[in-house]
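Student: Got a structure for you, questions after.
None of the figures in this text is laboratory data; all of them are computed from the coordinates on show. These numbers come from a predicted model, not from an experiment. Don't worry about glycine lacking a Cβ; one is built from the backbone with ideal geometry, like all the others, and counts go over all protein chains shown.
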Amino acid sequence: MRTFFGEKIMNITVIGAGPGGYEAAIAAAKYGADVTLVEKDEVGGTCLNRGCIPTKAFLGASDALDAVEHAKDFGISVENVSVDYPAIVARKNKIKDGLVKGIKFLLDQNGIRLVKGTAFIESPQLVTVQTEEGPVNVESDKMIIATGSVPVVPKMFKYDGTKVITSDEILDLQEAPKSIIIVGGGVIGCEIGQFLAKMGSKVTIVEALKQILPNEDADVSKQLLRQLKREKIKVITGTAVSEVTVTDDGVKADLANGKSVEADLMLVSIGRRAYLDRLGYEKAGVETDDKGRINVDETMVTNVPNIYAIGDIVATPQLAHVASKEGVTAAQNAVKGMDKKVSYKAVPACVFTDPEVAAVGIREDQAAAAGIETKTGTFEFRGLGKAQAMGKIQGTVKIITDPDNVIIGASVIGPHASDLLAELTMAVELGLTAEQLGDVIHPHPSLSEAVMEAAHDVHGMSIHK
Amino acid sequence: MASPQNLKYDADQHLWVDIDGDTATIGITDFAQSQLGDLLYVELPDEDDDFERGDEFSVVESGKKANGLEAPFGFTIVAANDVLDDEPEAINEDAFENWIVRVKITDEDGIDDLVDAAAYDAACQA
């Protein structure tokens, strides 16, 4: 630790510049630390380079296509609609590059030293970074590990990066495949599947569990399934892939139910695992759980007192905004010597399909399994003037309360579900009752009225139901 | 309206089922249409589409609700009632007359769970 005008300045090294790591670095700098941020790839991590943002850029394109294809419903005629797929990819890269520059600017502004290379932890105080110019030693008082995750691809899928691919490769194809098998009907599978179907691909989604979006409310999953089927996406649930054969023409998947599917490409999107390969955390004495994730307490500190770990490498939801929250909390605790805890009571999760899916807190089935008595209120968007005017009537808001009317969870499927979820997340975090939320004046005409109506519906007082 | 005695009912899905050998005709009950209100749209499956028990085979939509209909047993679509494309309100006028699909039964599992008119009407009162 060096001193500056008699004040001790703490050195912190953050490994990984994804949304967890770079936010931790900026927060640590703002709290007064001298920060080194190590990144082997590009700042922004998976989220910005190969995840949340690129896929949203794609959805921006499919929304535009959807709008022109349905323009007639609004009394507007459009002719000669065509898709320029390489232009969509180029737009995605332009957005991504701009955001990368934005993060670099923020890092500069906050006096953070960015070291490009692969980190190896030699000891709790020393990290060696393999850079293009050779190894660089970085000594620090405290360390925050934020190395993120990579797609899980078991050997049986015969991953080759060209015919059998993951989300890492799907984003830079120069044309939409004629046909694709998507293994895993979770967030990535549904988002990419719907996008490619709109781009003209013949899409088959194979999900081993009984519903697509296995982590979502069953009614929500059914409504999304209905939409995917309308878009002629073939969805096979409750069946695993038993064998994969890569041929000259494409890929064949034999399913456990005896059927088989063939396509040009296969996307494996069955989950992501903590990326700690060749990091050397064990040399510093950091312990992991049986799934290879670093053990931390709610203050994000590991079993080694000066080492923190955040994001997809710890056993909390693998979401960018959770990583960011954990990163900022770890930075605060590390620099200010505090023991602030991250609250996981209200973790919002969104799926950017059309209609969007968003949820927070506990689900009805989880509550039932835990023996918690619940009440629910629902409201369908079609009951709103605004939804009808927008031509986006599909979907529902569902609010779940405990017997005392306190909101403990909510699921939304419908237009702008991810934006509408913010209010519900606050309600869960603050422990508002359905009555308190419903009593707030909501703007008319707006989609947020569905939230208000669902809150009133918990006690049978929805006006428009 | 009391439900007709000659039909079987899926009390969860509010469907009536008229079984004739290995084929069946399926619609929604009068109680279901009264709860939904004026129907604006009925999404119909295509001929030869296969459905397993529990699969959604149609959606009936009113101004306030979109209600998916799940297959009470496994079947293949023989015909869908095209009249409903232009006149979904026909179901509001006579739900038992205006069927939604005619099917060939491919899996009888679930047929035993169907109930008679008295049991169905009692379930709706509860």
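Student: Rounded to the nearest 20 debye, what is the charge dipole size of the range A:349-457 about its Cα centre when +1 sits on each Lys and Arg Cβ and -1 on each Asp and Glu Cβ?
Tutor: So the magnitude is around 320 debye.
Student: Still on this model: Treating the range A:192-242 as a set of equal point scatterers at the Cα positions, no solvent, please give the Debye-formula log₁₀ I(q)/I(0) at q = 0.17, 0.31 Å⁻¹.
Tutor: -0.50, -1.21
Student: I would also like to ask the following. Sorted from largest down, what three extents in whole angstroms do the Cα atoms of the range A:426-465 have along their principal axes?
Tutor: For the range A:426-465, the Cα spread along each principal axis is 26, 21, 12 Å.
Student: While we're on this one: Tally Lys/Arg at +1 and Asp/Glu at -1 over every other residue whose Cβ is under 9 Å from the Cβ of A:VAL261; what's the total?
Tutor: Local net charge: +1.
Student: Check which residues have an amide H placed less than 5 Å from A:VAL164's amide H, if you skip close sequence neighbours.
Tutor: Close amide H contacts, sequence-distant or interchain: A:MET266.
Student: Separate question: State the Cα centre-to-centre distance between the range A:268-305 and the range A:1-76 in whole Å.
Tutor: 21
Student: Using the Cα centre of chain B as the reference point, and only Cβ charges (+1 on K/R, -1 on D/E), how large is the resulting charge dipole? Debye, rounded to the nearest 20.
Tutor: 480
Student: Still on this model: Could you check the spin-label model distance between B:ASN6 and B:ASP116? Points 7 Å from the Cα along Cα→Cβ, value in nm.
Tutor: Modelled inter-label distance: 1.6 nm.
Student: Helix-only mean residue ellipticity at 222 nm, chain A, DSSP H runs n ≥ 4 weighted -39,500 (n - 2.57), per residue, nearest 500. What is it?
Tutor: Dividing the helical sum by the residues of chain A leaves -10000 deg cm²/dmol.
Student: Now a separate question. Return the FRET efficiency for the residue pair A:LYS8, A:LEU430: r is the Cβ-Cβ distance, R0 is 35 Å, and the value is rounded to the nearest 0.05.
Tutor: So the FRET efficiency works out to roughly 0.40.
Student: I want the local charge near A:VAL406. Using Cβ-Cβ distances under 14 Å, sum +1 for each Lys or Arg and -1 for each Asp or Glu among the other residues.
Tutor: Result for the neighbourhood of A:VAL406: -3.
Student: Averaging sequence separations of C-alpha pairs under 8 Å and six or more residues apart, then dividing by the length of chain A, give the relative contact order as a whole percent.
Tutor: 14
Student: Convex hull volume of the Cα atoms in the range A:155-270, per residue, in Å³?
Tutor: Measuring per residue, one finds 93 Å³ for the Cα hull of the range A:155-270.
Student: Within the set of other residues whose C-beta is less than 12 Å from the C-beta of B:ASP38, count the net charge using Lys and Arg as +1 and Asp and Glu as -1.
Tutor: -2
Student: Return the FRET efficiency for the residue pair A:GLU287, A:LYS178: r is the Cβ-Cβ distance, R0 is 30 Å, and the value is rounded to the nearest 0.05.
Tutor: It comes to 0.05.
Student: Run the simple label-point estimate for A:PHE74 and A:GLU231 please: 7 Å along Cα→C-beta, distance reported in nm.
Tutor: Result: 1.8 nm between the two label points.
Student: Of the listed peptides A:261-274, A:319-332, what is their order by residue-averaged count of other C-beta atoms within 10 Å, with the highest listed first?
Tutor: Top of the packing list down: A:319-332, A:261-274.
Student: Plugging the Kirkwood radius over Cα pairs into Stokes-Einstein for the range A:136-193, at a temperature of 4 °C and a viscosity of 1.567 mPa s, what D comes out in µm²/s?
Tutor: Result for D is 90 µm²/s.
Student: A further question follows. Toward the positive end of the charge dipole of the range A:349-457, about the Cα centre and with charges on Cβ (Lys, Arg +1; Asp, Glu -1), which of A:VAL397, A:ALA367, A:LEU430 goes farthest?
Tutor: The listed residue farthest towards the positive side: A:VAL397.
Student: So, one more: How big is the dipole moment of the protein assembly as shown about its Cα centre under a simple scheme where the beta carbon of each Lys and Arg is +1, that of each Asp and Glu is -1, and everything else is neutral? Debye, nearest 20, please.
Tutor: 3400
Student: Further, regarding this structure: Taking the Cα-to-Cβ direction at A:SER260 and at A:ALA369 and moving 7 Å from each Cα, how far apart do the two end points lie in nm?
Tutor: Taking the two extended label points, one gets 3.5 nm.
Student: Based only on the alpha carbon positions, what is the Kirkwood hydrodynamic radius of the range A:349-457, in angstrom?
Tutor: About 13.6 Å, per the Kirkwood formula over Cα pairs.
Student: Could you give the spread of the C-alpha atoms of the range A:1-108 along their three principal axes, from largest to smallest, in whole angstroms?
Tutor: If we take the Cα atoms of the range A:1-108, the spans are 71, 26, 17 Å.
Student: Okay, next question. In µm²/s, what is D for chain A at 4 °C and 1.567 mPa s, where D = kT/(6 pi eta Rh) by Stokes-Einstein and Rh is the Kirkwood radius from Cα pairs?
Tutor: It diffuses with D of about 54 µm²/s by this estimate.
Student: So if each residue of separation counts as 0.36 nm, and I subtract the Cα-Cα distance between A:ASP219 and A:MET390, what length gain in nm does that give?
Tutor: 59.2 nm
Student: Here's a follow-up. Please give the FRET efficiency for A:ASN93 paired with B:ASP18, using the beta carbon to beta carbon distance and R0 = 56 Å, rounded to the nearest 0.05.
Tutor: Step by step, r from the Cβ atoms, then E = 0.45.
Student: Based on alpha-carbon positions alone, could you give the equivalent ellipsoid semi-axes of the range B:1-97 from the gyration tensor, as √(5λ), descending, whole Å?
Tutor: Semi-axes, largest first: 19, 16, 13 Å.
Student: Evaluate the Kirkwood expression for the hydrodynamic radius of the range A:223-295, namely the inverse of the mean inverse distance over all pairs of different C-alpha atoms, and round to one decimal in Å.
Tutor: Mean inverse Cα-Cα distance, inverted, gives 16.1 Å.
Student: Also: Reported to two decimal places, what Rg/Rh ratio describes the range B:10-50 when computed on Cα atoms with Rh from the Kirkwood expression?
Tutor: So for the range B:10-50, dividing Rg by the Kirkwood Rh gives 1.01.
Student: Can you find, among A:THR118, A:ALA71, A:VAL83, the residue sitting farthest towards the positive end of the charge dipole of chain A, where Lys and Arg contribute +1 and Asp and Glu -1 at Cβ?
Tutor: A:VAL83
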